[in-house]
Amino acid sequence: VQLQASGGGLVQPGGSLRLSCAASGTISSNYSMGWYRQAPGKQRELVAVIGTRGSATYAQALKGRFFVSRDNAKNVVSLTMNSLKPEDTAVYYCYGAFTGVGVRWGQGTLVTVSS
């Protein structure tokens, strides 16, 4: 299983951005996908993960601004980020946990929030 992320870039404070991640390969029907991020000098941290039935777990500090969704037919997970702040600047990594395969990471996409 491979994960391909897209959608990062430069955005002004207060703006919005949408990331997408597509999983390819032999994928079972039961898996979770989502996003982690790593800011410069910091550890990688959870952003949001969504399960097969659509239940989502968010980092507490991001609830209400970030929204994760998935398209099971296309094996795609998306992250909509609103009201972005400079402290949201980080490399965002797509994450997936697949039955019979284990954990996979995407290549990371840089999100820069700056005026």
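Throughout, read-outs are computed from the coordinates displayed, never taken from laboratory work. Quantities reported herein were computed from a predicted structural model and do not represent experimental measurements. Cβ coordinates were reconstructed from backbone atoms using ideal geometry, including for glycine residues, and neighbour counts include every protein chain displayed.
Values as computed for the structure displayed
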read-out: Longest to shortest principal axis, alpha-carbon extents of segment 1-56, angstrom; value: 38, 21, 21
read-out: Cross-link reach list, lysines versus Lys42, counting only Cα pairs under 19 Å and skipping chain neighbours closer than eight places; value: Lys85
read-out: D (Stokes-Einstein, µm²/s), Kirkwood Cα radius, the chain, 1.567 mPa s at 4 °C; value: 92 µm²/s
read-out: Estimated distance in nm for a label pair at Asn72 and Ser29, the labels positioned 7 Å out from Cα along Cα-to-Cβ; value: 0.8 nm
read-out: Two-site label geometry, Lys42 and Arg65: point separation in nm, points 7 Å out along Cα→Cβ; value: 1.0 nm
read-out: Karplus 3J(HN,Hα) series, Hz, for segment 15-30 with 6.51 cos²θ - 1.76 cosθ + 1.60 (x for Gly, Pro); value: x, 10, 8, 10, 9, 10, 9, 10, 9, 10, x, 7, 10, 6, 7, 10
